[in-house]
Amino acid sequence: MSPSELPVADPVESFWTALPNRLDDFRSSELLPAECDVLIIGSGFAGVATAYHMFNSTGPQSSFRTVMLEARKLTSGATARNGGHIKPDTYMGATKMASVYGMKQVAALQKYETEQVYLVKQLVEKEGLDCDFHLTRACDVIMDPVVAEQKAREYHQLVKEGLVDTKDIAYTPKKDAERISGVKGAQCCFTFTAGHMWPRKMVHQMLEGLIQQGLQVHAHTPVLEISKSRDELGNWTVSTPRGAIKAKKLVVCTNAYTSSVLPQYKNKIIPVRGVCSRISSPKGSKMPHLPSTYSLHFDALQFDYLVPRTDGSIIVGGARAAFWHDRDSWWHNKNDNEQVKDSAKYFDSYMQRYFHGWEDSGAKLERIWTGIMGYSSDLVPHIGEVSGAPGQYICAGFSGHGMPHIFSASKGVARMVVEGVSFEQTGLPAVCKETQARLDSTVNHMEDTLKVVWERPREKL
Ligand SMILES: Cc1cc2nc3c(=O)[nH]c(=O)nc-3n(C[C@H](O)[C@H](O)[C@H](O)COP(=O)(O)OP(=O)(O)OC[C@H]3O[C@@H](n4cnc5c(N)ncnc54)[C@H](O)[C@@H]3O)c2cc1C
């Protein structure tokens with residue numbers, strides 16, 4: 001393992017991390033235990049949800065000694081730096097995904113992503129998690145006439161084929177799109193059910209409950225290496241700066257940083273730096289409340305997403321037009337300890353520029369931050385037992401889109417760990433299954449799709 005694959009120290013604070021939490025630097029004990037039954041690496045939504053499902057399963061988990069190790073503060077990776085948007089991909093990526101996996105697989109994936117919105121809602125309500133969860137509509141606004149025409153055509157084709165469930169999707173053509181969306185220059189728009197919340201609050205509250213149930217958690221304990229083979233008792237040995245720990249089973253939930261512990265994932269899960277921000281208006285400003293979340297699509301690849309909060313502020317992520325021409329500033333980049341050049345300028349007068357009624361709002365950028373996503377080279381997450389490593393499981397590679405995946409993906413992994421079920425028995429979408437063929441493949445659909453951005457001349461962006 002190269003230390004350069006680990007998360008960097010001192011990430012910039014996001015809106016979600018700015019408030020200190022008692023769990024930030026939490027360690028269950030002064031010394032690391034020497035051994036455990038299950039070791040979870042990573043304390044983002046994936047790691048914590050895996051522990052949650054393990055502790056809430058009907059299997060023999062109560063006798064499992066389960067430990068979670070985290071390289072930095074607890075839940076300080078993408079889960080603490082994202083937009084908090086749980087937005088299933090209902091139609092937008094369907095045609096591209098179908099060209100790789102076929103429409104039947106896409107339909108299964110879409111159904112699964114759509115369900116996550118309600119499953120997370122149920123989790124929040126059942127556990128009484130105070131995390132600003134809202135069930136809402138997402139509004140995709142297409143700003144480019146050519147893309148609008150293409151997306152409308154693709155959508156009508158999906159409706160005609162009838163494989164993908166389109167009953168919750170509302171399409172509005174250009175003549176009404178600006179009025180329906182409230183966005184200046186809208187060429188068409190689509191709305192469908194989605195959710196949003198304060199993700200770190202949700203995950204920290206889940207962790208509090210798990211610690212009480214017996215999960216042992218250690219912040220600031222990076223995993224440096226996993227042994228090449230198991231010892232005679234069937235244990236993997238995991239090295240950290242605080243000593244080694246042996247475990248019968250490992251669950252790797254390190255997303256963008258997976259190659260820091262499993263080097264075979266170096267070009268399979270690629271660290272990609274993203275930008276997110278919070279825009280707010282002075283008290284008493286008059287502007288329309290935005291009842292939906294938004295994505296503004298400027299061309300086939302560049303979009304921003306907006307999550308209006310009940311306090312009147314807006315979480316806005318994206319800003320790709322400001323920096324995507326400079327590949328090294330985001331692709332294979334895990335520097336969430338610094339801002340991206342020109343990204344703050346991009347959000348100047350953002351709401352005034354795009355939203356009717358916001359011209360006199362005084363809305364301005366209040367905070368901006370970076371975060372690291374784990375883009376999967378074959379476009380889908382890696383879920384299941386790691387090929388050639390019995391007892392090692394992975395739940396990672398969410399390509400900047402983990403919120404509508406992780407709750408069920410981690411449940412599937414927890415069932416494999418606790419109950420010993422196969423991937424197929426979990427009911428997860430087949431395309432997410434981890435296999436040797438995926439690791440051996442030299443195709444990189446993600447890079448093939450994105451490289452037009454850094455290969456085309458800047459003025460065309
Ligand atoms: C700016 C930004 C905006 C986003 N917006 C959205 C959004 O609105 N909606 C959406 O669906 N998704 C969004 N995403 C993606 C989403 O945040 C992720 O898909 C999701 O949080 C992934 O969760 P995770 O637990 O897999 O990863 P993470 O939250 O990154 O957790 C992985 C953890 O593993 C730890 N770790 C890594 N290596 C090691 C090691 N060797 N030893 C110990 N610990 C280690 C890390 O420190 C980290 O805490 C966004 C991401 C970013 C960066």
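Test of understanding: what is the full-extension gain from Lys126 to Lys104, defined as 0.36 nm times their sequence separation minus their Cα-Cα distance?
Additional length available on full extension: 4.6 nm.
Around Ala194, which amide H atoms from residues at least 5 apart in sequence, or from another chain, sit under 5 Å from its own amide H, with H modelled in the peptide plane?
Excluding prolines and chain starts, which carry no amide H, the hits are Thr136, Arg137, Ala138.
Highest mean first, how do 226-233, 358-365, 86-93 rank when packing is the count of other Cβ atoms within 10 Å averaged over residues?
Ranked from most to least packed, the peptides come out as 86-93, 358-365, 226-233.
For Ile40, which sequence-distant residues (separation of 5 or more, or a different chain) have an amide H within less than 5 Å of its own amide H, given hydrogens modelled in the peptide plane?
Val67, Met68, Leu69, Val251
With both bridge residues required to lie in the chain, what share of the DSSP beta bridges run antiparallel, to the nearest 5%?
Counting only bridges with both partners in the chain, antiparallel ones make up about 70 percent.
For Lys201, go through the lysines and keep the ones whose alpha-carbon is under 22 Å away, minus same-chain ones fewer than eight residues off.
Excluding near neighbours in sequence, the set is Lys73, Lys87, Lys121, Lys126, Lys411.
Find the relative contact order for segment 356-461 and round it to a whole percent, using C-alpha pairs within less than 8 Å whose residues are 6+ positions apart.
Averaging sequence separation for qualifying contacts and normalising by length gives 28 percent for segment 356-461.
Heavy-atom accessible area per residue, the chain, 1.4 Å probe: how many Å²?
Per-residue accessible area for the chain comes out at 41 Å².
Counting only residues 5 or more places away or on other chains, whose amide H sits under 5 Å from the amide H of Val386 once H atoms are built in the peptide plane?
Gln392, Tyr393, Ile394
Within the accessible area of the chain, what % is carbon and sulfur when the probe is 1.4 Å and the other protein chains stay in place?
Of the solvent-accessible surface of the chain, carbon and sulfur hold 52 percent.
Can you figure out the FRET efficiency of Asp176 with Gln264, using R₀ = 60 Å and their beta-carbon distance, to the nearest 0.05?
E between Asp176 and Gln264, to the nearest 0.05, is 0.75.
Which stretch or stretches of segment 264-286 have amide N atoms under 13 Å from the point lying 7 Å from Asp360's Cα along the Cα→Cβ direction?
It comes to 285-286, nothing else.
Can you return the aspartates and glutamates within cross-link range of Lys433? Criterion is Cα-Cα under 16 Å, with same-chain partners fewer than 8 residues away left out.
Straight-distance partners of Lys433: Glu113, Asp378, Glu385, Glu424.
Need the full-extension length gain, Ser4 to Glu225, defined as separation in residues times 0.36 nm minus the C-alpha distance. One decimal, nm.
78.3 nm
Stretched out fully, how many nm does the piece from Leu31 to Leu135 gain, at 0.36 nm a residue minus the Cα gap?
33.2 nm
What is the local net charge at Asn82, summed over the other residues whose Cβ is closer than 12 Å to its Cβ (Lys, Arg +1; Asp, Glu -1)?
+2
At a Förster radius of 30 Å, what calculated FRET efficiency corresponds to the Cβ-Cβ distance of Lys167 and Ser63, to the nearest 0.05?
0.10
Apply the Karplus parameterisation 6.51 cos²θ - 1.76 cosθ + 1.60, with θ equal to phi minus 60°, to every residue of segment 245-258 and state each ³J(HN,Hα) to the nearest whole Hz, in sequence, with x for glycine and proline.
Coupling constants for segment 245-258: 9, 9, 8, 5, 10, 10, 10, 9, 10, 9, 6, 4, 9, 4 Hz.
Using a Förster distance of 35 Å, how high is the FRET efficiency between Ser285 and Asp342, based on the Cβ-Cβ distance and rounded to 0.05?
Efficiency for this residue pair is about 0.85.
Would you tally the net charge around Thr58, using a Cβ to Cβ cut-off of less than 13 Å, leaving Thr58 out, and scoring K and R as +1, D and E as -1?
+1
Return the calculated 222 nm mean residue ellipticity for the chain, to the nearest 500 deg cm²/dmol, obtained by summing -39500 (n - 2.57) across DSSP H runs with n ≥ 4 and dividing by the residue count.
-8500 deg cm²/dmol
The values are calculated or read from the model by the stated rules, or taken from the named source; none is laboratory data. Everything quoted here is computed from the prediction, not taken from an experiment. When we count neighbours, we look across all protein chains shown, and the Cβ atoms used for this are built from the backbone with ideal geometry, even at glycine. Ligands, DNA and RNA are excluded from the accessible area calculation, which covers all protein heavy atoms including side chains. Shrake-Rupley method; radii C 1.70, N 1.55, O 1.52, S 1.80 Å.
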